[in-house]
Amino acid sequence: MNTLKAETRNMSIKAKALRKEGFVTGCIFGRELKESIPLKMEKGEVERLLKSEGKGGRVLLQLEGKTYDALIKEVDYNPLKGFVEEIDFQALVSSEKVHSSAEIHLLNESKLVAGIPQQMLHEINYKALPASLVEKIELDVGDLKIGDTIRVKDLVIAKDENIDLITDLDSTVVTVTEPRVSTDVTSETEEAAE
């Protein structure tokens, strides 16, 4: 599990000023905390963490001598510059189920003999105890054929009795469709043949 160092943020200093100094702001909240704690973290450390963990990932958050087993609940990026501005965490309690999401990653798309995979769902929402949290679901689509569809109920996570799915079981995750050739390309090919 990754570790991230954080400091308690002085709320008299504006977030914009902290970002100029190279910090990312955020907070940690949870049932066992009296109130949410405002945080500041070094931007480089947060970016390193986000290379391997995303929303729904677990991290050991070190805050002034205490270590929290935490879940990344929200990551806010600057829409123009693309860098992370804020990251929020939920302190986990081992005996309490928590809402989370798992990203869906398609594998072996290049091995498809025919058809194009259309990914309809990019994450699954669920509830589970911290020990059963899933950050990502890897889905092998290499053997699928045109017309094949995989739904949430077909995924391994749907069969895990420790996980309560929130996403509808009948939702389509991926379907394989026939490649479409645009009519412009077809008519140009016919003209070139004449």
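The values are calculated or read from the model by the stated rules, or taken from the named source; none is laboratory data. Just so you know, these numbers come straight off a predicted model, no measurement behind them. Neighbour counts are summed over all protein chains in view; Cβ atoms, including those assigned to glycine, are modelled from backbone coordinates with ideal geometry. Heavy atoms of the whole protein, side chains included, go into the accessibility calculation; ligands, DNA and RNA do not. Shrake-Rupley method; radii C 1.70, N 1.55, O 1.52, S 1.80 Å.
Quick notes on this one:
- The residues of the stretch 98-120 that are crowded, with 17+ Cβ neighbours inside 10 Å and either over 22 Å from Pro179 (Cβ atoms) or within 13 Å of the chain's Cα centre (by Cα) (or both), listed by number, are Val98, Ser100, Ser101, Ala102, Ile104.
- Segments classed as strands (runs of 3 or more DSSP E), wholly inside the stretch 53-121, with at least 2 members that are closer than 24 Å to Asp168 by Cβ and among the β-branched types (Val, Ile, Thr): 98-107
- Hits in the stretch 60-76 (condition: charged (D, E, K, R) and at negative phi): Lys66, Asp69, Lys73, Glu74, Asp76
- All of (1) touching a Ser or Thr at 6+ places or on another chain (Cβ under 8 Å); (2) at pLDDT 90 or above; (3) loosely packed, with under 13 Cβ neighbours inside 10 Å hold for Tyr126 with one exception: (3).
- Within this structure, Glu85 passes the test of being touching a residue at least 60 places away in the same chain (Cβ under 8 Å), open to solvent by 40 Å² or more (accessible area, probe 1.4 Å) and closer than 21 Å to Lys16 by Cα.
- Failed item in (1) open to solvent by less than 30 Å² (accessible area, probe 1.4 Å); (2) out of contact with any Cys (no Cβ under 8 Å at 6 or more places or on another chain); (3) of a type outside the set (Phe, Trp, Tyr), with Leu39 passing the rest: (2)
- Residue within the stretch 165-178 that is surrounded by fewer than 14 Cβ atoms within 10 Å (Cβ to Cβ), in contact (Cβ under 8 Å) with a residue 60 or more places away in the chain and under 18 Å from the mean Cα position of the chain (by Cα) present: yes
- Here the condition is being under 22 Å from Ile104 (Cα atoms) and surrounded by 10 or more Cβ atoms within 10 Å (Cβ to Cβ); of Asp69, Asp76, it holds for Asp76 alone.
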